[in-house]
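Shown next, in structure tokens, is the structure this report addresses.
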Amino acid sequence: AAGLLTRFELVHLSVPNPKPVLWLFALGWAVARARTLPRRLAGSAVAVLAVPGFFGNPARDATILAGILLLAWLPAIPVPAGLHRLLGLLAASSLYAYLTHWLVYPWLSPASPALAVAASLAAGAAYWALAMRTMGAAGRWRARRRARSRTAPPLGSSG
């Protein structure tokens, strides 16, 4: 609800482009977590009322709205088995693609919008993979450090 205040410009944040999209993330989360009919209906109603007109592109608005409604009402969407790994990778790295696409897409879109989308998704997946490896390595390093501190003799002891 607080995010919708920025959506309908009742509260203005001094945030550079793009428009604040907190409400959209919160709506997606709420719809994904909705397990009861009233919650699904409420999430769908908010989506139907809030999404149209936000992006200034009716096709984009309709695509986002359709995705939110599919998320709300379909427990699963069957896809060919050969696409499971690719779609899993794209789902896992979607936030990273969102965070990096603006660095990739503008450079390639004049040549080919489809190539720009593919490259943006690939850059997001690469960034995700790097982040996961880095965080995993940091976690292993901390665990080794804690293990060593538990087995090390106290300072000043002769061992």
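The values are calculated or read from the model by the stated rules, or taken from the named source; none is laboratory data. The structure displayed is predicted, hence computed values, not measured ones. We place every Cβ from the backbone using ideal geometry, glycine too, and count neighbours over all the protein chains shown. The area values use the complete protein model at the heavy-atom level, side chains included, leaving out ligands, DNA and RNA. Shrake-Rupley method; radii C 1.70, N 1.55, O 1.52, S 1.80 Å.
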Next on the checklist: Among the residues that make up segment 37-60, is at least one of them open to solvent by less than 90 Å² (accessible area, probe 1.4 Å), assigned to a helix (DSSP H, G or I) and under 25 Å from TRP128 (Cβ atoms)?
Outcome noted: no
Next on the checklist: With among the aliphatic types (A, V, I, L, M) and either in contact with a strand residue (DSSP E or B) (Cβ under 6 Å, 6 or more places away or on another chain) or within 30 Å of TRP29 (Cα to Cα) (or both) as the only criterion, which of ALA125, ALA111, ALA152, ALA147 stands out?
Outcome noted: ALA125
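Does LEU65 meet the test of being open to solvent by less than 80 Å² (accessible area, probe 1.4 Å), outside any loop (DSSP other than H, G, I, E, B) and free of Cβ contacts under 8 Å to residues at least 40 places away in the same chain?
On the way: open to solvent by less than 80 Å² (accessible area, probe 1.4 Å): yes; outside any loop (DSSP other than H, G, I, E, B): yes; free of Cβ contacts under 8 Å to residues at least 40 places away in the same chain: yes.
Spelling it out, LEU65 is indeed open to solvent by less than 80 Å² (accessible area, probe 1.4 Å), outside any loop (DSSP other than H, G, I, E, B) and free of Cβ contacts under 8 Å to residues at least 40 places away in the same chain.
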Next on the checklist: Just to be sure before I move on: is ALA76 more than 18 Å from the chain's Cα centre (by Cα), at pLDDT below 95 and either basic (Lys, Arg) or outside any helix (DSSP H, G or I) (or both) in the structure I sent?
Outcome noted: yes
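Among residues belonging to segment 1-31 that are of a type in the set (Gly, Ala, Ser) and open to solvent by less than 60 Å² (accessible area, probe 1.4 Å), point out the one that is modelled with the lowest pLDDT. Reasoning before the result, please.
To start, the set of residues in segment 1-31 that are of a type in the set (Gly, Ala, Ser) comprises 1-3, 14, 26, 28, 30.
Subset that is open to solvent by less than 60 Å² (accessible area, probe 1.4 Å): 3, 26, 28, 30.
Values: GLY3: 74, ALA26: 87, GLY28: 87, ALA30: 92.
My answer is GLY3.
Given the structure, is ALA119 buried (at least 16 other Cβ atoms within 10 Å of the Cβ) and of a type outside the set (Val, Ile, Thr)? Spell out the reasoning first.
Details: buried (at least 16 other Cβ atoms within 10 Å of the Cβ): yes; of a type outside the set (Val, Ile, Thr): yes.
So ALA119 passes the test.
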Checklist entry - So is ALA34 small (Gly, Ala, Ser) and open to solvent by less than 70 Å² (accessible area, probe 1.4 Å) or not? => result yes
Checklist outcome for this item: Exception for ALA138 within (1) farther than 22 Å from GLY88 by Cβ; (2) open to solvent by 70 Å² or more (accessible area, probe 1.4 Å) falls at (2)
Next on the checklist: If PRO80 satisfies all but one of (1) open to solvent by 90 Å² or more (accessible area, probe 1.4 Å); (2) farther than 22 Å from TRP128 by Cβ, what's the number of the condition it fails?
Outcome noted: (1)
Checklist outcome for this item: Pairing a residue in segment 33-54 that is closer than 16 Å to LEU65 by Cα with any residue that is polar (S, T, N, Q) and exposed (fewer than 13 other Cβ atoms within 10 Å of the Cβ), where Cβ atoms lie under 7 Å and the two sit 6 or more apart in sequence or on different chains, gives none
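Among the residues in segment 85-93, are any surrounded by fewer than 10 Cβ atoms within 10 Å (Cβ to Cβ) and assigned to a helix (DSSP H, G or I)? Write out each step before concluding.
Of segment 85-93, the ones surrounded by fewer than 10 Cβ atoms within 10 Å (Cβ to Cβ) are 85, 91.
Next, only the ones that are assigned to a helix (DSSP H, G or I) stay: 85, 91.
Looking for residues that are surrounded by fewer than 10 Cβ atoms within 10 Å (Cβ to Cβ) and assigned to a helix (DSSP H, G or I), one finds at least one in segment 85-93, hence yes.
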